[in-house]
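Worksheet for the structure shown next.
The values are calculated or read from the model by the stated rules, or taken from the named source; none is laboratory data. No experiment lies behind these values; they were computed from the predicted model shown. Glycine gets a Cβ as well: all are built from the backbone with ideal geometry, and neighbour counts include every protein chain shown. What goes into the accessible areas is simple: the full protein's heavy atoms, side chains included, and nothing from ligands, DNA or RNA. Shrake-Rupley method; radii C 1.70, N 1.55, O 1.52, S 1.80 Å.
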Amino acid sequence: LHVEDTGGSKKLTLSVKNDTASQLDLRIAFPSETVTSEDRQDLCYLFPQKVARISAEKTELSADYGPDFLLQFLDVFSPGDNSGVAFLVEDTGGGDKTFQLSKRATEIQVQVLYSVHLKPGETFSAPTVELVSHRGDWRRGFDAYRAWVSSWYSPQGHPQPWLQSSFYARRDYPVGGS
């Protein structure tokens, strides 16, 4: 584990090497952090799954990265303290991972889980995770995520003129017809 303080945020990196003579099948949680508050109603979270959850209610949430969880970040914030922390997973390769959030009375635990199979001598390097401290609510965490995406993503050009002037219609039929 390596931690780099970048002023206002911390970048975490993790590498695991199999130094044994046999294959290892691991479930790695990185990061695995707990945020606490004395006021349970003032400890809120954003879990941006297909239907985003913004709440202060007790919960257990889990979603695999992909169609059900398109963004690689979570946010925990306190409206009363006007502060929070965003968890950004900086994975430009889009590898398999599961995002989890658990809210109990006065704490929220955030984890990103990886299923890893390591042959002898192999090393697993998790994507860098940036913990961004911020003022305000989840929107500041989302701003940090957007800034990270903008640092590496660029659209691949404009659609062809024939595509821009095309008309599209879609009809979804319920099971059994309409």
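Please list 65, 153, 168, 145 from largest to smallest accessible area, probe radius 1.4 Å, with all protein chains kept in place.
On the way: 65 65, 153 125, 168 155, 145 20 Å².
Of 65, 153, 168, 145, the descending order of accessible area is 168, 153, 65, 145.
Given a 10 angstrom Cα cut-off, can you work out which residue in 14, 26, 88 is the most mobile in a GNM of the chain?
The residue that fluctuates most here is 26.
Using a 1.4 angstrom probe with every protein chain in place, what is the largest-first accessible-area order of 57, 130? Walk me through the numbers before you get to the answer.
Details: 57 105, 130 30 Å².
Greatest to least solvent exposure: 57, 130.
Long-range amide H contacts for residue 122: which residues qualify at under 5 Å (H placed 1.01 Å from N, peptide plane, sequence gap of 5 or more or a different chain)?
Counting only residues 5 or more places away or on other chains, the set is 18.
For segment 22-98, place one equal point scatterer on every Cα, skip the solvent, and apply the Debye formula. What is log10 of I(q)/I(0) at q = 0.13, 0.19, 0.28 Å⁻¹?
Relative scattering, expressed as log10 I(q)/I(0), comes to -0.47, -0.90, -1.47.
Once Rh for the chain is found with the Kirkwood sum over Cα pairs, what is the Stokes-Einstein diffusion coefficient at 25 °C and 0.890 mPa s, in µm²/s?
132 µm²/s
Local charge sum around residue 22 (other residues, Cβ-Cβ under 15 Å, Lys/Arg +1, Asp/Glu -1)? Let's see the in-between values first.
Details: positive: 17, 119; negative: 19, 25, 122.
Summing Lys/Arg as +1 and Asp/Glu as -1 gives -1.
Length gain on complete extension for the stretch residue 22 to residue 143, per 0.36 nm per residue less the alpha carbon to alpha carbon distance? The partial results should precede the final answer.
Values: separation 121, 0.36 × 121 = 43.56 nm, distance 4.38 nm.
So the extension gain works out to 39.2 nm.
What is the diffusion coefficient of segment 4-59 in µm²/s, taking the Kirkwood radius over Cα pairs and the Stokes-Einstein relation at 37 °C with a viscosity of 0.692 mPa s? Let's see the in-between values first.
Values: Rh = 15.5 Å.
The estimated diffusion coefficient comes to 212 µm²/s.
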